[in-house]
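Below is one structure, written out as structure tokens, with a few remarks after it.
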Amino acid sequence: MKDHTKDKVKYDYDLIVIGGGPAGMTAAIYAQRANLKTAIIEKYIVGGKMIKTSEIENYPGYDYILGPDLSEKMQQQVEKLKVEFIYDEVNTIVDNENHTSKTVVMIGGNKITAKAVIIATGSLERKIGCPGEEEYANRGVSYCAVCDGALFKGKIITVVGGGYAACEEALYLTRFTKQVNLIHRREQFRTDEKTVNKVKNHPNITLITDYVVTEVIGDDLKKKVIKLKIQNVKTKAINEVATDALFPYIGSDPVTSFVKELGICDSNGCIITNDKCQTKIPGLYAAGDVIAKNLRQIVTAVNDGAIAAQYLINFIDNFNE
Ligand code: NAP
């Protein structure tokens, strides 16, 4: 590896990874093992969506593992390698002259300079956007079944969505109650047949298809959710569903507002990368759910993290030789 000690630019790190989910942690493992001084910047809690995922049955090596447990195992591996964790929020990334360094600027103004940056900020859960959803957040409306499911033991729980997350979390929530509703806006699901059949055949899940939630209604006195107003998308008929909890699982949007100015995103806000997980800016890479791609899984996030790290190791070796 080239000796950079004579470089003019003062680098705080060789690599900054923004986001501590599976993509970011994998990238950090690969980079640190290649002797790059690496730091992960994380806004909240390390683990990304893994910490909000109940059961994982499609990550090789584990036929069954809880999301938070897999996250913890990855974090322990990262910590063992002495990757630094910086808990802060990134405001912007500045690409310096000739792409020889990147300055990561925090919301509070702190600046960190590195030879390369990987963006692995993942995505944020989408909101339904109906009246009452925000008002009753944490009073029955939750976006994390793993975190809050146990609060509704024996109660009526409603999940919204028709993808993997909605189906898997609806199944997970049946451990707390015999009354789980799954509301989906059409009859086809965005999952494999095995998963959707498990949902359809589960004695404690009631499927409500062709409906959307139009309002979350609560008991003003007790400040908790009591029912949902729902509307049939075909007939426009309006109905009500009694529920104590609402878990919307209707997809998510990439966390990329802080790189808007760099012009590296597509019209959905996902970062465009090549097969090396490189953006159009040399030295700036992206990995995981934040990039434009079709399959978003823990295993594909891990894959992206490894690819990004491996190519940026080559980039750092070569960029000012
Ligand atoms: P998703 O696959 O994008 O599914 C979102 C679902 O929400 C869709 O069924 C969609 O309906 C519905 N929806 C969207 N907006 C809505 C709205 N305003 N009102 C009502 N319904 C709405 O999202 P996801 O399930 O969160 O999964 C995200 C990604 O992670 C996917 O790539 C998924 O494959 C992956 N994932 C994989 C696993 C696994 O493999 N075990 C687990 C979790 C997530 P339509 O179908 O009508 O569009």
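The values are calculated or read from the model by the stated rules, or taken from the named source; none is laboratory data. Worth saying up front: this structure is predicted, and the values here are computed from it rather than measured. Positions of Cβ are generated from backbone atoms using ideal geometry, with glycine treated the same way; all protein chains shown enter the neighbour counts. What goes into the accessible areas is simple: the full protein's heavy atoms, side chains included, and nothing from ligands, DNA or RNA. Shrake-Rupley method; radii C 1.70, N 1.55, O 1.52, S 1.80 Å.
Applying the selection to segment 183-193, what residues are within 11 Å of the ligand (Cβ to nearest atom) and either in contact (Cβ under 8 Å) with a residue 60 or more places away in the chain or out of contact with any Ser or Thr (no Cβ under 7 Å at 6 or more places or on another chain) (or both)? Working first, answer last.
Here is the first cut: in segment 183-193, the ones within 11 Å of the ligand (Cβ to nearest atom) are 183-192.
Across segment 183-193, the qualifying residues are R185, Q188, F189, R190, T191, D192.
From the set of residues in segment 153-169 that are under 19 Å from Q297 (Cα atoms) and free of Cβ contacts under 8 Å to residues at least 60 places away in the same chain, which is surrounded by the fewest Cβ atoms within 10 Å (Cβ to Cβ)? Break it down stepwise before answering.
Applying the first criterion (under 19 Å from Q297 (Cα atoms)) to segment 153-169 yields 161-169.
Remaining after also requiring free of Cβ contacts under 8 Å to residues at least 60 places away in the same chain: 162, 164, 167.
Values: G162: 24, Y164: 19, C167: 27.
Across segment 153-169, the extreme among qualifying residues is Y164.
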Residue check for N303: open to solvent by 20 Å² or more (accessible area, probe 1.4 Å), among the polar types (S, T, N, Q) and within 16 Å of the ligand (Cβ to nearest atom): yes
query: Of the numbered conditions (1) loosely packed, with under 15 Cβ neighbours inside 10 Å; (2) more than 25 Å from the chain's Cα centre (by Cα); (3) closer than 27 Å to E187 by Cβ, N294 satisfies every one except a single condition; which is it?
result: (2)
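Which one of N274, N232 is within 30 Å of I183 (Cβ to Cβ), without any contact (Cβ under 8 Å) to a residue 40 or more places away in the chain and not aromatic (F, W, Y)? Before you say what the answer is, go through the steps one by one.
Numbers: N274 fails: within 30 Å of I183 (Cβ to Cβ).
Testing whether each residue is within 30 Å of I183 (Cβ to Cβ), without any contact (Cβ under 8 Å) to a residue 40 or more places away in the chain and not aromatic (F, W, Y) leaves just N232.
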Boolean, K223 is touching a residue at least 24 places away in the same chain (Cβ under 8 Å) and either in contact with an Asp or Glu (Cβ under 8 Å, 6 or more places away or on another chain) or open to solvent by 40 Å² or more (accessible area, probe 1.4 Å) (or both): yes
message: With the condition being over 27 Å from the mean Cα position of the chain (by Cα), I'd like the strands (runs of 3 or more DSSP E) fully within segment 145-254 carrying at least 2 qualifying residues.
response: 211-219, 224-232, 238-242
message: Quick test of your reading of the structure: S267 fulfils all but one of (1) away from the ligand (no atom under 14 Å from the Cβ); (2) outside the structural domain of E169 (by TED's automatic domain parsing); (3) open to solvent by less than 40 Å² (accessible area, probe 1.4 Å). Name the failing condition by number.
response: (3)
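Can you tell me which residues in segment 124-148 are without any contact (Cβ under 8 Å) to a residue 60 or more places away in the chain and at negative phi? If you could, list the steps in order and put the result at the bottom.
Initially, segment 124-148 is screened for residues without any contact (Cβ under 8 Å) to a residue 60 or more places away in the chain, giving 129, 134, 137-138.
If the condition is that a residue be without any contact (Cβ under 8 Å) to a residue 60 or more places away in the chain and at negative phi, then E134, A137 are the ones that fit.
Considering segment 234-264 alone, what residues qualify as being more than 15 Å from the ligand (Cβ to nearest atom) and open to solvent by less than 30 Å² (accessible area, probe 1.4 Å)? Reasoning before the result, please.
Keep residues of segment 234-264 that are more than 15 Å from the ligand (Cβ to nearest atom), which gives 235-240, 242-245, 256-264.
Passing the criteria: T243, A245, T256, F258, V259, I264.
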- prompt: Which condition number does R175 fail, the rest of (1) in contact (Cβ under 8 Å) with a residue 24 or more places away in the chain; (2) within 16 Å of the ligand (Cβ to nearest atom); (3) open to solvent by 40 Å² or more (accessible area, probe 1.4 Å) being met?
  reply: (2)
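For segment 18-28, state whether one or more residues are buried (at least 21 other Cβ atoms within 10 Å of the Cβ), more than 26 Å from A165 (Cβ to Cβ) and in contact (Cβ under 8 Å) with a residue 60 or more places away in the chain. So that I can check it myself, show each step before the final result.
Start the filter on segment 18-28 by keeping residues that are buried (at least 21 other Cβ atoms within 10 Å of the Cβ), which leaves 18-28.
Then keep just the ones that are more than 26 Å from A165 (Cβ to Cβ); that gives none.
Looking through segment 18-28, none of the residues is buried (at least 21 other Cβ atoms within 10 Å of the Cβ), more than 26 Å from A165 (Cβ to Cβ) and in contact (Cβ under 8 Å) with a residue 60 or more places away in the chain.
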statement: Of the conditions (1) within 23 Å of the chain's Cα centre (by Cα); (2) farther than 25 Å from F189 by Cα, the single one that E133 does not satisfy is (2)
task: List every residue pair whose Cβ atoms sit under 8 Å apart, with the two residues 6 or more apart in sequence or on different chains, where the first one lies in segment 288-305 and is under 14 Å from C277 (Cα atoms) and part of a loop (DSSP other than H, G, I, E, B) and the second, anywhere, is within 10 Å of the ligand (Cβ to nearest atom) and at pLDDT 95 or above.
output: K293/T300
